[in-house]
Ligand SMILES: [Zn+2]
Ligand SMILES: [Zn+2]
């Protein structure tokens, strides 16, 4: 197959909950770039919140009408001049932001926090993974171990990376019980990884009974509570009236953030990773006097993502268990509807499903 002479279909998100399929020439890798034959490209909550429904943000952070998809995983088809490590055939996960490489955040591998004008997130400001091929910087790629599926890899590129980062920053382990508010894909990731890190008990809260049922069926939570007026009482009732030693809000909803904080035990830690909105709470009563540490945590670093991929391989743990819907590219509209509906697990677009 000669990719040079072909075109490919890519998914564009014009807003207003619509999905467009467009034809593009297959790109060629420039210096330091690799051409990745996409295999799996999953849908993130931020794709729904800030692109699919309406384009949020302004300037450098806004969606630029490019091919969508910032959770890409595939196999290298071609390498550009000057690539030093990767070769055609290598399976890779792509960290979804290319940064300037020179600022403090880039040097630490947190390209998500790069403020330089050249910063570009795949699927936001430069073409992403919802197409047969994607151009990526070699430096943004992480080798995917053979034991992990392409969907496993795609799920690490944002959601599992985000959950892992927050859990590691909180230092969760066997001394902790973990409260997860929002059992969407990131909440499922937090529950799965929290358990693997040794958390002794995982409690999950969500508006959707089907999401709680999924988390329970997957064995990721010990108890699930529907969000509502009595959720805090129920969390306290199963934790001896004290709350969990660690909590993480993956929903971004004010009530869920408040619940995560109020359901945290004295001297405990609480992480906010769900995006958007605000929260209002009595600072003395719920934060200061309880001696709680709050973590704001945005995605993860390239190094931490590589660490996660290595650990998943060692643990034999598969994020793809949380993927409930796998659809081909020509059904991207349906895939986005499912993801926006808020009742499923992870939704993933599958490309080139030839088993390789
Ligand atoms: Zn994301
Ligand atoms: Zn930078």
Exercise. Percent of alpha carbon pairs in segment 267-356 separated by more than 20 Å?
Worked result: 64
Problem set entry | Computed [θ] at 222 nm, deg cm²/dmol, the chain (DSSP H ≥ 4; -39,500 (n - 2.57); rounded to nearest 500) | -6500 deg cm²/dmol
For this session: Report, in whole Å, the centroid distance computed from the Cα atoms of segment 85-106 and segment 236-292.
Result: 34
Exercise. According to the square roots a ≥ b ≥ c of the eigenvalues of the Cα gyration tensor, what is the shape class of segment 160-296, taking rounded for a/c under 1.5, prolate for a/b larger than b/c otherwise, and oblate for the remainder?
Worked result: rounded
Problem set entry | Peptide ranges 274-280, 141-147, 71-77, 254-260 listed from the most packed, as the mean C-beta count within 10 angstrom indicates | 71-77, 254-260, 141-147, 274-280
For this session: Pairs of Cα atoms under 8 Å, at least six residues apart: use those to get the relative contact order of segment 17-147, whole percent.
Result: 33
For this session: Among DSSP beta bridges lying fully in the chain, give the percent that are antiparallel, nearest 5.
Result: 55
Problem set entry | Angle in degrees between helix 161-170 and the longest Cα principal axis of the chain, rounded to the nearest 10 | 40
For this session: With springs only between Cα atoms under 10 Å apart, run a GNM on the chain and tell me which of 195, 84, 304 wobbles the most.
Result: 84
Seminar exercise, completed: For the chain the mean separation of alpha carbon contacts under 8 Å (6+ apart) over residue count, i.e. relative contact order in percent, is 18
Problem set entry | Scattering curve values for the chain, log₁₀ I(q)/I(0), Debye with Cα scatterers, q = 0.09, 0.13, 0.14 Å⁻¹ | -0.47, -0.97, -1.11
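FYI, it's all coordinate maths here, none of it is from the lab. Computed from a predicted model, the values in this text were never measured in an experiment. Reconstructed Cβ throughout: ideal geometry from the backbone, glycine too, with neighbour counts over all protein chains shown.
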